[in-house]
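The structure appears below as structure tokens.
Read the figures in this text as sums done on the coordinates, not as results from a lab. Predicted, not measured: the structure shown is a model, and the values here were computed from it. Glycine gets a Cβ as well: all are built from the backbone with ideal geometry, and neighbour counts include every protein chain shown.
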Amino acid sequence: MADSYSNGYANGTSPSLAQSNNVSMPVIRKKLAGYVGFANLPNQVHRKSVRKGFQFTAMVVGESGLGKSTLINTLFNTPLYPPKEPLPPSAERPKTVAIESIGADIEENGVRLHLTVVDTPGFGDFVNNDESWRPIVENIESRFDSYLEQENRVNRQKIMDNRVHACLYFIQPTGHSLKQIDIEFMRRLHTRVNLIPIIAKADTLTDDEVRDFKARILADIAYHKIHIFQAPTYENEDEETIAEAAEIASKIPFAVVGSDRLVETEDGREVRGRAYPWGVIEVDNEDHCDFVKLRQMLVRTYMEELREYTNDVLYENWRTEKLLSMGVAQDSSVFREINPSAKIQEERLMHEAKLTKMEAEMKMVFQQKVQEKESKLKQSEEELYARHKEMKEALEKQRSDLEDKKRRIESGRPLTPEKNATKNRRFLR
Ligand SMILES: Nc1nc2c(ncn2[C@@H]2O[C@H](COP(=O)(O)OP(=O)(O)OP(=O)(O)O)[C@@H](O)[C@H]2O)c(=O)[nH]1
Ligand SMILES: [Mg+2]
């Protein structure tokens with residue numbers, strides 16, 4: 001142990017080599033000779049996040065009376081929603097989907113959670129429900145907007161995360177299959193929020209009905225290519241965690257029963273549940289409904305995953321779309337992961353290409369100059385040659401004239417033979 005530590009590089013890799021070649025650098029596993037202290041990092045993170053507290057925003061969507069408020073009260077074991085006074089039949093009912101949000105600070109074993117529940121009463125309650133999804137999409141996007149605006153501020157210290165991290169969609173326990181409004185809603189929302197489908201008031205269906213209903217819902221969801229939140233699994237995870245994720249996944253869509261009242265069972269226990277003449281349905285009993293699994297997914301095991309997926313995928317996609325629609329182009333090369341050795345190689349190739357180009361340009365300029373010089377020389381040579389020929393011809397002519405003269409003088413003929421010839425001819429006549 002001490003050896004490998006003092007030697008420094010257990011596999012004999014020298015530091016300079018390791019640094020210069022850091023891309024393919026092998027991971028060096030070493031044992032520590034003594035206490036360093038970073039094993040305490042998770043505790044530091046734990047302490048810090050406990051001090052800061054957590055923020056979580058859940059949205060509930062579904063027709064009126066499906067038990068949304070009751071389930072939220074049951075989930076967080078807090079009476080967030082007081083019992084509702086039923087409206088008299090003559091009362092004016094709202095014409096649109098109203099969106100209300102309630103915030104509450106709850107604490108469990110010293111861990112604080114700031115919970116916001118966004119309720120959407122009125123969804124699906126109208127004669128024409130075609131556009132019911134629209135105010136909900138707008139609400140989700142306006143929360144993204146406000147987050148983006150905070151991110152763009154100079155001071156980004158205190159960002160309030162009001163984005164919706166999960167949307168519980170309540171399906172009416174008809175026992176048939178999804179209704180058009182359910183499909184439309186999920187199709188519009190699945191790219192903006194983590195959808196968690198729920199079969200409301202599952203106590204109104206028998207076990208077989210629940211099983212068949214679930215299968216039909218899942219088939220509809222798959223057919224319409226709707227993405228619902230799935231518990232993620234990672235490599236190297238222990239069997240227990242993988243089994244837990246599979247167990248949760250197998251319960252989707254969760255068939256739940258909500259109740260914030262305590263009732264007494266036949267065997268004298270006090271439980272949260274609903275009492276019927278034939279017995280008690282216990283909310284927290286896994287044999288009775290999927291409430292426990294839903295709570296596990298939403299709160300106990302995957303709250304952080306829901307927040308992470310909202311931030312890293314849903315919000316990021318929305319942000320990209322928004323910026324693109326505003327005409328801000330993204331330089332994808334900036335976001336590409338940079339491999340240093342590939343970068344060096346790329347720069348070297350670029351440099352070489354630049355040199356070759358310069359060389360070719362210089363060669364071309366040189367050739368051009370040579371060609372110009374050559375054609376100039378040729379031109380002056382031709383001119384010289386032409387002058388020379390001219391002069392030669394002139395001299396030749398002079399010489400022949402002189403020789404002619406000489407011959408005539410020698411033969412005693414007059415110098416202007418033409419004139420004499422005409423005279424002679426006249427004389428002969
Ligand atoms: N059988 C049964 N009844 C339930 C369940 N959950 C709630 N209820 C009852 O259904 C009624 C409506 O419950 P709420 O929680 O007010 O329903 P809601 O979806 O919030 O209704 P709106 O706020 O009007 O949209 C109440 O009388 C509840 O007691 C359940 O799981 N099973
Ligand atoms: Mg309600």
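Packing-wise, with mean Cβ within 10 Å as the measure, how do 137-143, 289-295 rank, highest first? Mind dumping the intermediate values first?
Numbers: 137-143: 16.3, 289-295: 22.4.
Taking the mean over residues of other Cβ atoms within 10 Å, the ranking is 289-295, 137-143.
Starting from 0.36 nm per residue, how many nanometres of slack lie between D125 and K389 once their C-alpha separation is accounted for? Present the calculation step by step, with values, prior to reporting the outcome.
Working: separation 264, 0.36 × 264 = 95.04 nm, distance 11.19 nm.
So the extension gain works out to 83.9 nm.
Among C289, P277, V299, whose Cα sits farthest toward the positive end of the charge dipole of the range 246-322 (+1 at Cβ of Lys/Arg, -1 at Cβ of Asp/Glu, about the Cα centre)?
Result: V299, furthest along the dipole toward the positive end.
In nm, what is the difference between 0.36 nm times the number of residues separating T78 and V154 and their Cα-Cα distance? Write down the numbers at each step before the final one.
Working: separation 76, 0.36 × 76 = 27.36 nm, distance 3.78 nm.
Stretched fully, the T78-V154 segment lengthens by 23.6 nm.
Would you calculate the separation in nanometres between label points at E410 and V36, each defined as 7 Å from the Cα along the Cα-to-beta-carbon direction?
Between E410 and V36, the label points sit 12.2 nm apart.
Each label point is 7 Å from the Cα along the Cα-to-Cβ direction; what then is the distance between the points at I183 and A104, in nm?
So the label points at I183 and A104 sit 3.7 nm apart.
Give a quick list of trypsin sites (Lys or Arg not before Pro) in the range 174-254 that DSSP marks as loop, anything other than H, G, I, E or B, with at most 14 other Cβ atoms within 10 Å. Intermediate results must be reported in sequence, preceding the final value.
Values: sites: K179, R187, R188, R192, K201, R211, K214, R216, K225, K251; in loops: K179, R192, K201, K225.
In loop regions of the range 174-254 (DSSP not H, G, I, E or B), the sparsely surrounded trypsin sites (Lys or Arg not before Pro) are K225.
Computed FRET efficiency, Cβ-Cβ of T174 and A243, R0 45 Å: what is it to the nearest 0.05? Please report the intermediate quantities before stating the final value.
Numbers: r = 32 Å, r/R0 = 0.72.
Efficiency for this residue pair is about 0.90.
Can you order the peptides 388-396, 269-277 by their average number of other Cβ atoms within 10 Å per residue, highest first? Display every interim value, and only then the final one.
On the way: 388-396: 10.0, 269-277: 14.6.
Going by the mean number of other Cβ atoms within 10 Å, highest first, we get 269-277, 388-396.
Mind checking the full-extension length gain between M362 and N236? Use 0.36 nm per residue of separation minus the Cα-Cα distance, one decimal, nm.
Numbers: separation 126, 0.36 × 126 = 45.36 nm, distance 5.98 nm.
Extra length available between M362 and N236 comes to 39.4 nm.
Output the peptides 59-68, 319-328 sorted from most to least packed, where packing is the average of other Cβ atoms within 10 Å over each peptide's residues. Provide the component values of the computation, followed by the final result.
Working: 59-68: 22.1, 319-328: 10.6.
Descending packing order for the listed peptides: 59-68, 319-328.
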